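Single-structure report; data block below.
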Amino acid sequence: MHATPSPPGRALGRLGPALGAAAAVLALWYLLARSAVVAPALLPTPAETLAALADSARSGILAADLGASLTRAGQGFALGAVVGSALGFATGYLPKLSAAVTPVVSFLRPIPAIALVPLATAWFGIGETAKRLLIAYAVLLAVWLYVHDGVSRVPVSHLRAARTLGAPLHRRFVEVLLPAAAPAVLAALRYGASVALLALVAAELGGADSGLAYRLQVDGQFLRVDRMFAGLLVLGLLGVAVDLVLAAIGRRFVHWSTS
C-alpha cells in the first residue's frame, strides 16, 4: 500500500512546478544580467532588485505607493465588477436587451483605457475620480463578457422546469441561474482583477503624485532601472496574490467549479 502524503507534502507537490519555474527564471535573469548581452546599468541582478525593493520599503515610499494603488484599483474594480456583473446577467437572460447592448459593448471593448486618459482628464481633472472611472470602465467590459457568456449558456430547459414547478422569478435566479453561472462569474472576477491592474498603470501614468505606476515613471526619468524592476516585481506579485485570493474564495463558495 502507498502511504498517503501529508498535507505539507501535498502542498509542496502542488507548489513544486511553480517553484521550479521561478527558480529557473531567476537563474536565467541572473546569468543574463551578468553577461555582456545587456549593459549592467540597464538590467540589474535579482539581488540588486531586491535591495532596491528593501530600500523603498524602509523609506516608506513602497507602503504609500502600494496603499494609493490598492485604493484606486480596489474601488475601480468594485464599481466595474458590480455594474459589469449586473449588466452581464441582464443581457445573458434577456435576448432583446442583449441585442441592444452587445453592439455597444463590442464597440467599446477594443478601446483601451489608456486611450481614454486624455478625455477622462479633460472631463474630471487629474484627481482620483478620473482614475477610478478608467479602471471601472476596463473592468466592466471584461467582466460583462464572461458573465454574459456564462448566463447565456445556462440551459433554458432548467429555467423552464423551475418555472413549471411554480418557482417565482427571484427563486429561479437564486436557485437556478446564479449557481449555474457562478463559475463564469468567478472567472470574470479573476480576469477583471488583472484588467484592473492594467488599467491602474494607464490611469496613474496619466497624472498622479503617488502609486506604483507613478513611481515607475519617476524612476524611469532618472534611469533607476533597479527601482523600476522592483516596481514591476511588486505589480506582478500583487496580481498573483489577488488571483490566489479570488481562486480560494471560489473554491470555498463555488466548489462545483473546476477553476
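Which pairs do you get when a residue that is part of a helix (DSSP H, G or I), found in the stretch 124-142, comes within reach of a residue that is open to solvent by 10 Å² or more (accessible area, probe 1.4 Å) and among the hydroxyl-bearing types (Ser, Thr, Tyr), reach meaning Cβ atoms under 7 angstrom, with the pair 6+ apart or on two chains?
Every condition considered, the pairs that remain are 130/121; 142/191.
Inspect the stretch 43-54 for any residue being modelled with pLDDT of 90 or more, more than 30 Å from residue 228 (Cα to Cα) and polar (S, T, N, Q) and give the result as yes or no.
no
Condition first: in contact with a Ser or Thr (Cβ under 8 Å, 6 or more places away or on another chain) and open to solvent by less than 20 Å² (accessible area, probe 1.4 Å). Now tell me which residues in the stretch 106-150 satisfy that.
Listed by number, the residues that qualify are 130, 143, 144, 147.
I need a count of the residues in the stretch 197-228 that are open to solvent by 30 Å² or more (accessible area, probe 1.4 Å), acidic (Asp, Glu) and not in a loop (DSSP other than H, G, I, E, B).
Within the stretch 197-228, residues that are open to solvent by 30 Å² or more (accessible area, probe 1.4 Å), acidic (Asp, Glu) and not in a loop (DSSP other than H, G, I, E, B) number 1.
Out of the stretch 209-259, which residues are within 28 Å of residue 39 (Cα to Cα), without any contact (Cβ under 8 Å) to a residue 40 or more places away in the chain and out of contact with any Leu (no Cβ under 8 Å at 6 or more places or on another chain)?
Passing the criteria: 218, 219, 220, 221, 222, 236, 237.
Among the residues of the stretch 71-129, what is the count of those that are farther than 27 Å from residue 181 by Cα and of a type in the set (Phe, Trp, Tyr)?
Total satisfying the criteria: 2.
Take residue 231 and decide whether it is touching a helix residue (DSSP H, G or I) at 6+ places or on another chain (Cβ under 6 Å) and either surrounded by 20 or more Cβ atoms within 10 Å (Cβ to Cβ) or not in a helix (DSSP H, G or I) (or both).
Working: touching a helix residue (DSSP H, G or I) at 6+ places or on another chain (Cβ under 6 Å): yes; either surrounded by 20 or more Cβ atoms within 10 Å (Cβ to Cβ) or not in a helix (DSSP H, G or I) (or both): yes.
Taking the combined requirement at face value, the residue satisfies it.
In the stretch 161-183, how many are under 27 Å from residue 143 (Cα atoms), surrounded by fewer than 13 Cβ atoms within 10 Å (Cβ to Cβ) and among the hydrophobic types (A, V, I, L, M, F, W, C)?
2
The values are calculated or read from the model by the stated rules, or taken from the named source; none is laboratory data. Please read these numbers as outputs of a predicted model, since none were measured by experiment. Methodologically, a virtual Cβ is constructed for each residue, glycine included, from the backbone with ideal geometry; neighbour enumeration extends over all protein chains shown. Quick note on the areas: whole protein, heavy atoms, side chains included, nothing else; ligands and nucleic acids left out. Shrake-Rupley method; radii C 1.70, N 1.55, O 1.52, S 1.80 Å.
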